[in-house]
Amino acid sequence: MQNIKTEDFEQLEVLANEEFDLKHSILQANDALSRYSSENQFNHCEFNEDIWTLHDEAEKTNRHINYDNLSEVLLTRTKYDLKTIVKCWAATLIDKGLSARTITGKVNGVLQVVTKSNGFSKDFFDSSMEYIKKSTPRSRLSLCNAVLNFVDYFPYVDEEGIYTERIWEVKSKTEKKIGIRELPSSQDILKFSMVVEDYFKPDLSDEHYRKYFCIYLWWNLTTIIPLRISEFCDIKRNSLIEVDDGFLLKLPRKKQNNRRIQVIDSILIPKRLAEAINAYKNSTDKYGNTSTLISYLSLPFQKHYLEQKINSESFDSNIFSYVLNDFYDEIVCKRYGFKIMEQEEVKAVEQGLSLNKVINRKIRPNDTRHFAFLNLMTQGYHPVEIARLGGHVSIYSQYHYHQHLEYWVDSEVMELMLKFNLNRNIGQHTKDIFDEKEFKERFILRPSENKEVHIPLSIGYCTDPNQNCKVEDHVFCDAWRITFEEYKEKADIILKKMNDKENVTKQLIHNLKNLYQISIKGFKNDLYSEKNVLFNRELLETSNQLKHSLYQLAMLKEKVTTNE
């Protein structure tokens, strides 16, 4: 292990009472750099040196990072030793096993922006943004991603969110311009969700149960509570506690002393999830001691996971990534018959391929953190509450999630469509889970539960003998039906109603986003704080209106989509 000098800690003593644990970060960085340097004779990354060498095995060349210019940034304005912070962050990228090209690209990108902005100084804001925007779209996107990754690691560098907000805007516009999708599509998410729901049944073999339980828990926990994959993997074995209100799960988050945002380190979880955790613990206790909830020692075929693993009593993100990829290969693809194909590949294959069996992008370990944040937003949580649940000490980190709100609403609509009446049991892997003929028969021509009731309407008919309709327009009612013949005659009218409802939904999304923008920018103002009852009520009412609009839109879409 590399030598650590006392002065490495001294310049950041100001952070002693903050969330960022400098001493621990430097120790982790030295650990990661030591392992990395020992892997290849050409790798040379010493924490106390300003020039790092990373060997690019793919291109048989060496790549370099030079931190020397950051010394000048430190002397001019910032109270933080940015060189130390950037090195700690860079070490986390190395520890993730990213390629030398990716690591050096991200770190050198951050070094460029930190230098141009003189340590994210307000005085250099305009010139720094101009520097980012004048680069090519691909380079611009890379710079934005690198800087935002760094700010998420160390939010204190942009405490007022000045750079964060603008860079998110530039990133979002650039992604749209070059057609990049950061998150998987709603279709890809739902296909994966349905596989997980169908696969984890009581008759699952013990070997597969031990191997894939982490996938089940990750999917059911981190899509609700925003956890980083490292936090999920580090949940302790004894973290579940039964209390009067139910079951409390302690999260592996550092002690907070930030007065503005107190990060939540324990949450109440559903009883079914607590029972699943306890059953897993009872089943895997016999395999040996484990400090983490997920037992590495209980995994079958351990040698295939991580041959060089030193600590066998802990589960980590590298192992999880391996298991997730294995789950896609062995279960999603081989057992359920899906194909992982990029959009370009799909266009190139034969016309006979069912797109219902295609997944364009795998869900990645930290994607679920995005899903959870978006879910909390659509439920009307105040940004400060969301930050507490998400482990953010900076409220400005949420700018990113606003960019994906429209996308998430699309996911919500799709999920609602499936939840209403569609059979969610996928069953045999040869069955097409989106069978168009079955869908049409069950929804467009769906028979009434009360077959004797057929009350004619201007469009379609009502199946409720009391006509207890709680909506202004019958087409958005549960009891509404239409024959296929009438649908063909009046499709234009119905589709117009659906388009109008989509426009209402989009306006509600805009309203909710606007409320979040106001509350983030003015969260220190009593009018928009998490303690202001009137503002919180407005957030909740807007989110409820959005959910109601989504419900109605989904109700109609499930009946007409297959006839478009």
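Measuring spread by the Cα atoms of the range 141-293 yields a radius of gyration and Dmax of 19.3, 54 Å.
Electrostatic tally near Leu515: other residues with Cβ closer than 14 Å to its Cβ, Lys and Arg +1, Asp and Glu -1, net -1.
Looking at this model, which pairs from Lys211/Lys286; Lys201/Lys357; Lys134/Lys177 are more than 20 angstrom apart at the alpha-carbon? Result: Lys201/Lys357 exceed 20 Å. With the alpha-carbon atoms of the range 110-196 aligned to their principal axes, the span from lowest to highest coordinate is 51, 28, 18 Å, starting with the largest. Distant-in-sequence amide contacts of Arg361, defined by a placed amide H-H separation under 5 Å and a gap of 5 or more residues or a different chain, comprise Ser185. In the range 7-178, the inverse of the mean reciprocal separation of distinct Cα atoms equals 16.6 Å; this is its Kirkwood hydrodynamic radius.
Would you mind ranking Asp123, Asp316 by Cβ crowding within 10 Å, fewest neighbours first? Don't jump to the answer; show the numbers that get you there.
Values: Asp123 10, Asp316 18.
So the residues, fewest neighbours to most, are Asp123, Asp316.
Using the structure shown, select from Lys173/Lys513; Lys250/Lys271; Lys501/Lys521; Lys60/Lys96 the pairs with a Cα to Cα distance greater than 26 angstrom. Check vs 26 Å cut-off fails for Lys501/Lys521.
Listing Ser185, Ser549 from the residue with the fewest other Cβ atoms within 10 Å to the one with the most, what is the order?
Fewest to most other Cβ atoms nearby, the residues stand as Ser185, Ser549.
Fully extending the segment from Asp123 to Asp500, taken as 0.36 nm per residue of separation minus the present Cα-Cα distance, adds 131.1 nm. Ordered by the number of other Cβ atoms lying within 10 Å of each residue's own Cβ, fewest first, His24, His474 fall into the sequence His24, His474.
Every number in this text was worked out from the coordinates using simple rules, so none of it is lab data. Computed from a prediction, not measured in an experiment: that's the story for all the values here. Don't worry about glycine lacking a Cβ; one is built from the backbone with ideal geometry, like all the others, and counts go over all protein chains shown.
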